[in-house]
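Notes to accompany the following structure.
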Amino acid sequence: MKKILLVCMLVLGYLCTPIQVIAEEEKPEITSDYVYMFDRTTKQVFWDQGSTEKIYPASLTKIMTALVAIENTDDFDKTVLIDEKIMAGLKEAGASRAGFNVGDVVTMRDLIYGTLLPSGAECTQALAYTISGSVDGYVDLMNRKAQELGLVDTHYVNTTGLHDDNHYSTLRDIATLLEYALNNEMFYEVFTSNTYQAGTSFNYPTEGLKMESTAYKYINTSNPNQPYAIEIDGFLGSKTGYTVEARYCLASIAKVNDMDLMVITAHAWIERKIPSHFVDAGIIYDTYRNLYQRNTVYTQGDIIQESIMKYRFFNKDIDWEMPETLIWDLPIDTNEYQIEVTIPDVIDENIKKGDVVGQIIITSYGDEVYREDIISDSNYNQNFILLGLANTGEWMMDNLFVAVFGGILVVVSVFIITQRKPKRRKRRKTRNSRKI
C-alpha cells in the first residue's frame, strides 16, 4: 500500500485575513465597543468587533514607547537624571506617573518598567530625551517603527497617549505591535510582571520606588482588602489605557485551556466603580474557557483519507498522510464542530506532483474556520492500456444505440448476402433455316 505525503501549506498565518469562529449570539455581553481576540499560536480569530476602525489608544501607546526604547538601548543599567524638562507639563496634562521626580537618578531598566507597569509618563519622556534628545525625535522613531511593522492605520504624536485628534491606532494594529513586541525577551519580561522594585534614588533613598502593574490592582491581586478583585486563571500580563476620549482600553494575554489568547478591548464604559475593561477581560476569558480548548486535529503521519486509483494493475490503494501536526482550537462540545476531508474515495485521473487533491475543512459553531488545500508531493499515473480499454468501453456505453443498431445492420447484411442464390444464365438457341 503506497503512501503519498501531503503538503498542507498553512494559510492562516498572522497576516492573513482573520476568521471569526463563534456565532454572534454566543458572544458574552461586555461594555467595550471594540474587541479583537485571537490565539497567538494558531492565529485563529475568535472575536473581531471593529478591529480596523480608528480609535484613540490612550496609554496603549506606551507599548510602542517601551519597544522603541528596548530596541535602541544597549545598556539597561545606564543611568538617567530626572530633571525639570522631563517633568514639564505632565501634572497639568493629568498624565499618569510612576512616581519618579526631579532629582532621581534611575536606570533605563527602571524607566522601561515604569512605562509599562504603572504607565508613567515621566518615564516615557525620560526615554525620549535620553535616546533621541527630544520628544519629537523619539515620536519619529515610533512612527518609523509603525511603518516597518505595517501599522498603516497608526500615527503617534506623543509618547504618553495623551489625547490628540491626530494620535490614533486600531485594535488590529495594536495586536500586531504587541505580538511583535512579545517576541522580545526584555519586553515580555516586563509586560508579564506584576511588580518591580527600582533602586534607591534622591526621592526614594531608603528602599527605592516600588512599581505595580495597573491591572494587578484588580486582576489576580494579592490584596485581600480589594472588594473588586477579578480572578482570571492563566492571566499573564497587560497594558491599560484611559483618557476621556478613549475611555478604558486594555491589551492582555492569557493561557486558557492551552490556548495562547490575546484580547484587545477599547472604549469601555466608565460608570462602574471598577474599571470596565477589567470586568470585560474577566468575562471574555471565562466565557471562552468554557467554550474552547486547544486540540491536536491530526498528528504528523496520520492517515486522513484512503482512496482507490482506477485503472492500475498494482498499488491501487493510496493512504493520504498528514505531513505535519495540525493544531486548532475547537469547541469543548464535540457536537459544535465538524472536520471534513474532501479527497475522493475513488480517483479516476492522473495525479501530478503539486496537484490539489482535496481540502481539509473545519466548521465550528456553524462557521467555516479552517480550509486548507491538500497537495500531492508526487506523480501518480494510471495504466494507459487499462485506461484505453476503459475509454473504449465507455464510448460503447455512451453510444449504445448506435453500436446496437450498427450491429443489427451488419448481421442483417450478412444474412441477406449469404441467403441470396445466383441466377443461371440461359443459352440462346438459334435455328438454321434452309431454303427449299
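The values are calculated or read from the model by the stated rules, or taken from the named source; none is laboratory data. As the structure is a computational prediction, the values presented were derived from the model and not from experiment. Ideal geometry is used to build each Cβ from the backbone, glycine not excepted, and the neighbour counts take in all protein chains shown.
Checked against the criterion of being over 25 Å from Asn101 (Cβ atoms) and of a type outside the set (Lys, Arg), region 200-210 has no qualifying residue. Could you tell me whether Ala181 is under 19 Å from Tyr285 (Cβ atoms), within 20 Å of the chain's Cα centre (by Cα) and not acidic (Asp, Glu)? Spelling it out, it is not the case that Ala181 is under 19 Å from Tyr285 (Cβ atoms), within 20 Å of the chain's Cα centre (by Cα) and not acidic (Asp, Glu). Out of the residues in region 221-249 meeting the condition of being of a type outside the set (D, E, K, R) and touching a residue at least 60 places away in the same chain (Cβ under 8 Å), tell me which one is surrounded by the most Cβ atoms within 10 Å (Cβ to Cβ). Per the stated criteria, the residue is Cys249. Filtered by the rule that a residue be surrounded by 19 or more Cβ atoms within 10 Å (Cβ to Cβ) and polar (S, T, N, Q), region 142-175 gives Thr154, Asn158, Thr159, Thr160, Ser169, Thr170. Would region 334-341 turn up any residue that is touching a Ser or Thr at 6+ places or on another chain (Cβ under 8 Å), under 19 Å from Leu261 (Cβ atoms) and surrounded by 12 or more Cβ atoms within 10 Å (Cβ to Cβ)? Yes, region 334-341 contains at least one residue that is touching a Ser or Thr at 6+ places or on another chain (Cβ under 8 Å), under 19 Å from Leu261 (Cβ atoms) and surrounded by 12 or more Cβ atoms within 10 Å (Cβ to Cβ). Counted as qualifying within region 132-249 are the helices (runs of 4 or more DSSP H) with 3 or more residues that are closer than 25 Å to Phe46 by Cα, namely 171-182. The conditions of being without any contact (Cβ under 8 Å) to a residue 60 or more places away in the chain, in a loop (DSSP other than H, G, I, E, B), of a type in the set (Asp, Glu) and closer than 22 Å to Ile318 by Cα are not met by Glu340.
If you go through region 169-193 and keep only what is within 13 Å of Ser51 (Cα to Cα) and in contact (Cβ under 8 Å) with a residue 40 or more places away in the chain, you end up with Ser169, Thr170, Leu171, Arg172, Ile174, Ala175, Thr176. Scanning region 71-89 for residues that are assigned to a helix (DSSP H, G or I) and either within 25 Å of Tyr168 (Cβ to Cβ) or not hydrophobic (A, V, I, L, M, F, W, C) (or both) returns Glu71, Glu84, Lys85. The criterion of being closer than 25 Å to Ala246 by Cβ, modelled with pLDDT under 95 and either hydrophobic (A, V, I, L, M, F, W, C) or surrounded by fewer than 17 Cβ atoms within 10 Å (Cβ to Cβ) (or both) holds for Glu29. With respect to (1) at pLDDT 95 or above; (2) in a helix (DSSP H, G or I); (3) surrounded by fewer than 23 Cβ atoms within 10 Å (Cβ to Cβ), the lone exception for Glu92 is condition (1). Only one of the listed residues (Thr107, Thr79, Thr61, Thr73) is among the polar types (S, T, N, Q), crowded, with 20+ Cβ neighbours inside 10 Å and modelled with pLDDT of 95 or more. That residue is Thr61. Scanning region 95-128 for residues that are of a type outside the set (A, V, I, L, M) and not in a loop (DSSP other than H, G, I, E, B) yields Thr107, Arg109, Asp110, Tyr113, Gly114, Thr115, Glu122, Cys123, Thr124, Gln125.
Is it true that Leu209 is touching a helix residue (DSSP H, G or I) at 6+ places or on another chain (Cβ under 7 Å) and either modelled with pLDDT of 95 or more or among the acidic types (Asp, Glu) (or both)? No; evaluated as a whole, the condition is false for this residue. Every test in (1) at negative phi; (2) in contact with a helix residue (DSSP H, G or I) (Cβ under 6 Å, 6 or more places away or on another chain) is passed by His167 save one, and that test is (2).
Residue by residue, here is whether (1) under 25 Å from Gly137 (Cβ atoms); (2) modelled with pLDDT under 95; (3) of a type in the set (A, V, I, L, M) holds:
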{"residue": "Thr154", "(1), (2), (3)": "yes, no, no"}
{"residue": "Thr160", "(1), (2), (3)": "yes, no, no"}
{"residue": "Asp165", "(1), (2), (3)": "yes, no, no"}
{"residue": "Glu179", "(1), (2), (3)": "no, no, no"}
{"residue": "Asn183", "(1), (2), (3)": "no, no, no"}
{"residue": "Val190", "(1), (2), (3)": "yes, no, yes"}
{"residue": "Gln197", "(1), (2), (3)": "no, no, no"}
{"residue": "Tyr218", "(1), (2), (3)": "no, yes, no"}
{"residue": "Pro224", "(1), (2), (3)": "no, yes, no"}
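Return the total of residues in region 119-141 being over 14 Å from Lys78 (Cβ atoms) and surrounded by fewer than 23 Cβ atoms within 10 Å (Cβ to Cβ). Within region 119-141, residues that are over 14 Å from Lys78 (Cβ atoms) and surrounded by fewer than 23 Cβ atoms within 10 Å (Cβ to Cβ) number 9.
For Val68, the requirement of being part of a strand (DSSP E or B) and modelled with pLDDT of 95 or more is not met. No other residue among Asp260, Asp319 is surrounded by fewer than 16 Cβ atoms within 10 Å (Cβ to Cβ), out of contact with any His (no Cβ under 6 Å at 6 or more places or on another chain) and either in contact (Cβ under 8 Å) with a residue 40 or more places away in the chain or under 27 Å from Phe235 (Cβ atoms) (or both) apart from Asp319. Is it fair to say Asp302 is at pLDDT 95 or above and charged (D, E, K, R)? No; evaluated as a whole, the condition is false for this residue.
Of the residues that sit in region 263-294 and are over 13 Å from Val35 (Cβ atoms) and touching a Pro at 6+ places or on another chain (Cβ under 7 Å), which one is surrounded by the most Cβ atoms within 10 Å (Cβ to Cβ)? Filtering first and then ranking leaves Tyr292. Note on region 121-154: residues that are in contact with a strand residue (DSSP E or B) (Cβ under 6 Å, 6 or more places away or on another chain) and within 30 Å of Asp39 (Cα to Cα) amount to 1.
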